[in-house]
Amino acid sequence: MTTRTDTVAETAQAPGVPPIRRRPIPPGRGGSPFRKAENRAAYMFLVPWFIGLFGITIIPIIASLYLSFTDFDILSAPNWIGFDNYARLFTHDRRFDNAVAVTITYVGVSVPLILAFSLTIAVTLNRGLAGLAIYRSLFYIPSLIGASVGIGILWREVFGERGIFNAFLALFGIQGIGWMTNPHSALNVVIALHVWTFGASMVIFLAALRQIPQSYYEAASIDGANKVQQFWRITLPLLTPVIFFNMVLLTIGSFQSFTQAFVVSRGTGGPIDSTLLYTLYLYQRAFVNLDMGYASAMAWILLITIAALTGFIFWTTRFWVFYGDR
Amino acid sequence: MRMRTLLKAVSPLALVLAIGATTTVVSSAANAVEIRFSWWGGQLRNQKTDDILKLFEADNPGVSVVREQSDWQPHWDKLKIQAAAGNQPCTIQMQTRWLSTYADPKILRPLDDLVADGKLDVSGISKATIDSSRGDDGNLYMIPTGVFYFALMYNKSMLDDAGVAAPSEDWTWNGFADWLREVKKGLPEGVNATHNMGPENDSFVTWVQSQGHKVFDGTHLAFPESVTADYFRFWEKLRTEGLTDSPEEMLTDTGSLIEESNIANGRTFLTNRPPNRFDSHQKVLTAVKGQELAITPYPRGEDGTTGMDLGANGIAIGAPCTDPDKLDASVKWINFFTQDPRAAAIYESDNGAVTVDKLQEEQLNNPKTSRGQREFIALYQRIADSAKPINYPSGGTGAMQDALTRAYEAVAFGELSPDDAAKQFHADVEDVLN
């Protein structure tokens, strides 16, 4: 018979494997009043976090699922309408289709661009550049402030018809357009603003580059591999886990992008809905049209889409992510 | 251990201080009433409102008003959330265009009983203006304090330089277009004859009503798609003739920032604006170009039918304001803001022509009133009888503006024909409202 004070686990061990030594439990601790008091104290410290978790995350999420089956308009009690909101979204809503198309373009263009930019800059900075810390900080700053309202307003002014960008083009005799107010260029400006915030991915790439053993490059160099070959055969394969990590984060973040398009288009998603990101349309239905039930249905579709896409990216890793130990 | 000793020493003192503080709060709360007032506005209006509130508080010792100021859109965003949580202020600035969204006894307190027993003073306010502040259920939900309208604002100095006469106030849409063509010949290089009002709701509803149609029938649009298509064609013709700003500029020149607007910087000859902002525009134009502005009503239909909309701003009482003392203080505040000559003199019809006849006449004839406000009140008095206030359904104003902007943008950027854009506009509004 074993007691709680045993210091050695008397479980079946393979021959030759030393027994696992477990930390002894002090006498009288297990189930003691003192232990219970300790637990209570721990839970007391966790209470603020639990309040936040349930109050502003779990309960609202469950509530939004219920509301997605209602016609809730914020100002009066919700009525159950079954799958009507979902049916309307998929069959009757032209703007929903447009918002999906705009968002797919936005994510599909900006995520690869951010990955490419951040990797290129990280590889460049990793070559032992003097003043690396300064460059790293400079490139990182946009990702801290890029999603802010102030920067959105700044970009709107820079790319406005009388903005600095057009003044610059005018030096070369080029007549600019209102980049943000032209439906053919507005989304490109929003994408450019998003790509500009590549600093966070870059910092992660930089950290990963530091982890690649120098000996790999030395060996390759002795074998006659040039820098380009080294990049394709050593750097890139060893970075794939980090590329995967950044890709997942960027994809989720990009689907949730809101502020830039909201500020740049003054909340309209215009011109002609060309910058109507999914989240912006969701906001309009919820807070402009007071169609909170409909917006909740949109939120759940977004959640399921992001989860499915993330799952799909995870599934593809078996084909392209190299962990080095397999 | 040392901490425990310290706590022991400090706790009696803390207890005394806590009891003292509570006593202070209780004793001051015993004879004080605090109400909240939320309104929208810029810096100038905030200052004026604060000055009036200080006067009110001085006149009513024991009553204090918590100021809840916001810009236009945040005011409504906040109110929606407050109303959903049952936390709306006792006194809320309200507008007829948005009233139907909130005209519910669970959100705003019906005011008829307070008017009937003489507590709320509506003397001097016309019955038509009072009735415009009723909800679909017939209840009175706000006391109107200022009447507003949109009209056309143009650069009088440029008109004089071009040698063209000012328009008569009974002009038609075609007469308006011909007049612009004439003016354009004499405008300086690079100045647009007019801002393109294709996506502007105020211009659009005036067009619809001047063609002899109502805008809404309940929650449905009450005019045919052809009226909308004709409106788009009208502005497209002016645009393709080079009389308006470019489609890109049309979207930028929204008028939200007066200092940057084309009319205030002499870059456009004419635009549509609420004339109660005449002075603010004139101030910038004087500084930038030294020129003078003028206002005139929207054109009429070809048969002379007028179509201008008229709205009112006012003060409503939030439904949760049931405490008798707070309700009494709220009523006093509304009466003070609406009827007190000192308040009216400070506010100077900043958010619509003051609704009390006597005060309106006083402001109109007082040489101390600014030129812009006098012209604004004078034009209001000329159009008031023929104007056609629109009864917007809940969410109607926003739905119209959004759908109109999208539809006309698509026409101006060559994506849709006027007929297809009109079809899209009607479908979008119906989709949101029904």
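In segment A:188-198, the residue that is nearest to the other protein chains (Cβ to nearest Cβ) out of those that are outside any helix (DSSP H, G or I) and crowded, with 21+ Cβ neighbours inside 10 Å is A:Thr197. Please determine whether any residue of segment A:267-290 is within 14 Å of chain B (Cβ to nearest Cβ), surrounded by fewer than 17 Cβ atoms within 10 Å (Cβ to Cβ) and outside any helix (DSSP H, G or I). Scanning segment A:267-290 turns up at least one residue that is within 14 Å of chain B (Cβ to nearest Cβ), surrounded by fewer than 17 Cβ atoms within 10 Å (Cβ to Cβ) and outside any helix (DSSP H, G or I). On the stretch given as segment B:398-428, residues that are within 11 Å of another protein chain (Cβ to nearest Cβ) and not hydroxyl-bearing (Ser, Thr, Tyr) total 19. Restricting A:Gly293, A:Gly311 to residues that are of a type outside the set (S, T, N, Q) and buried (at least 23 other Cβ atoms within 10 Å of the Cβ) narrows the list to A:Gly293. Taken over segment A:62-86, the criterion of being exposed (fewer than 13 other Cβ atoms within 10 Å of the Cβ) and at negative phi is satisfied by A:Ile62, A:Ala77, A:Asn79, A:Trp80, A:Phe83. Selection within segment B:93-108: residues that are touching a helix residue (DSSP H, G or I) at 6+ places or on another chain (Cβ under 8 Å) and closer than 18 Å to B:Val331 by Cβ. The member of this set that is nearest to the other protein chains (Cβ to nearest Cβ) is B:Leu108. Annotation: B:Lys119 fulfils all but one of (1) within 14 Å of chain A (Cβ to nearest Cβ); (2) surrounded by 15 or more Cβ atoms within 10 Å (Cβ to Cβ); (3) out of contact with any strand residue (DSSP E or B) (no Cβ under 9 Å at 6 or more places or on another chain); (4) outside any helix (DSSP H, G or I); the unmet one is (1).
Checked against the criterion of being without any contact (Cβ under 8 Å) to a residue 24 or more places away in the chain and farther than 30 Å from B:Lys48 by Cβ, the candidates B:Leu416, B:Leu404 yield just one match: B:Leu416.
Set side by side, the residues B:Asp323, B:Asp357, B:Asp340 differ, and just one is among the charged types (D, E, K, R), under 25 Å from B:Arg273 (Cα atoms) and surrounded by fewer than 21 Cβ atoms within 10 Å (Cβ to Cβ), which is B:Asp357. Filtered by the rule that a residue be crowded, with 19+ Cβ neighbours inside 10 Å, touching a helix residue (DSSP H, G or I) at 6+ places or on another chain (Cβ under 7 Å) and not in a helix (DSSP H, G or I), segment B:56-92 gives B:Val63, B:Val65, B:Gln88, B:Cys90, B:Thr91, B:Ile92.
Just checking, does segment A:117-133 include any residue being in contact (Cβ under 8 Å) with a residue 40 or more places away in the chain, not in a helix (DSSP H, G or I) and not polar (S, T, N, Q)? The answer is no, given that none of the residues of segment A:117-133 is in contact (Cβ under 8 Å) with a residue 40 or more places away in the chain, not in a helix (DSSP H, G or I) and not polar (S, T, N, Q). Of note, B:Asp385 does not satisfy the criterion of being acidic (Asp, Glu) and either within 11 Å of chain A (Cβ to nearest Cβ) or part of a helix (DSSP H, G or I) (or both). What about A:Ser110, is it hydroxyl-bearing (Ser, Thr, Tyr), more than 27 Å from A:Ile243 (Cβ to Cβ) and away from chain B (no Cβ under 14 Å)? Considered against the rule, which asks whether it is hydroxyl-bearing (Ser, Thr, Tyr), more than 27 Å from A:Ile243 (Cβ to Cβ) and away from chain B (no Cβ under 14 Å), A:Ser110 comes out as no. Does A:Leu169 meet the test of being more than 14 Å from every other protein chain (Cβ to nearest Cβ), at pLDDT below 90, within 26 Å of B:Gly414 (Cα to Cα) and in a helix (DSSP H, G or I)? In short, yes. Consider B:Arg374 carefully, then state whether it is touching a Gly at 6+ places or on another chain (Cβ under 8 Å), free of Cβ contacts under 8 Å to residues at least 24 places away in the same chain and outside any loop (DSSP other than H, G, I, E, B). No; evaluated as a whole, the condition is false for this residue. The residue of segment B:318-343 that is nearest to B:Thr145 (Cα to Cα), among those that are of a type in the set (A, V, I, L, M) and out of contact with any Cys (no Cβ under 7 Å at 6 or more places or on another chain), is B:Ile334. The residue list A:Ser143, A:Ser201, A:Ser215, A:Ser185 contains one member that is under 25 Å from A:Ser118 (Cα atoms) and either within 14 Å of chain B (Cβ to nearest Cβ) or in contact with a strand residue (DSSP E or B) (Cβ under 6 Å, 6 or more places away or on another chain) (or both), which is A:Ser185. Take A:Trp320 and decide whether it is more than 14 Å from chain B (Cβ to nearest Cβ), closer than 22 Å to A:Leu113 by Cα and either in contact (Cβ under 8 Å) with a residue 24 or more places away in the chain or not polar (S, T, N, Q) (or both). Taking the combined requirement at face value, the residue satisfies it. Do the conditions hold for A:Thr235, that is, is it hydroxyl-bearing (Ser, Thr, Tyr), out of contact with any helix residue (DSSP H, G or I) (no Cβ under 6 Å at 6 or more places or on another chain), buried (at least 17 other Cβ atoms within 10 Å of the Cβ) and more than 23 Å from A:Leu67 (Cβ to Cβ)? Yes, satisfied. Within the option set B:Leu79, B:Leu55, being in contact (Cβ under 8 Å) with a residue 60 or more places away in the chain and either closer than 21 Å to B:Gly146 by Cα or more than 14 Å from chain A (Cβ to nearest Cβ) (or both) holds for one residue only, B:Leu55. The listed residues are B:Thr305, B:Thr286, and the only one of them that is surrounded by fewer than 17 Cβ atoms within 10 Å (Cβ to Cβ) and in contact with a Ser or Thr (Cβ under 6 Å, 6 or more places away or on another chain) turns out to be B:Thr305. Please work out if A:Trp179 is among the aromatic types (Phe, Trp, Tyr), outside any helix (DSSP H, G or I) and either over 23 Å from A:Ala116 (Cα atoms) or at pLDDT below 90 (or both). Here the answer is yes, as A:Trp179 does meet what is asked. Return the residues of segment B:152-188 that are part of a strand (DSSP E or B) and surrounded by fewer than 17 Cβ atoms within 10 Å (Cβ to Cβ); say none if nothing qualifies. Matches in segment B:152-188: B:Thr172 only.
The values are calculated or read from the model by the stated rules, or taken from the named source; none is laboratory data. As the structure is a prediction and not an experimental result, all values here were calculated from the model. Positions of Cβ are backbone-derived with ideal geometry, glycine not excepted, and every protein chain shown enters the neighbour counts.
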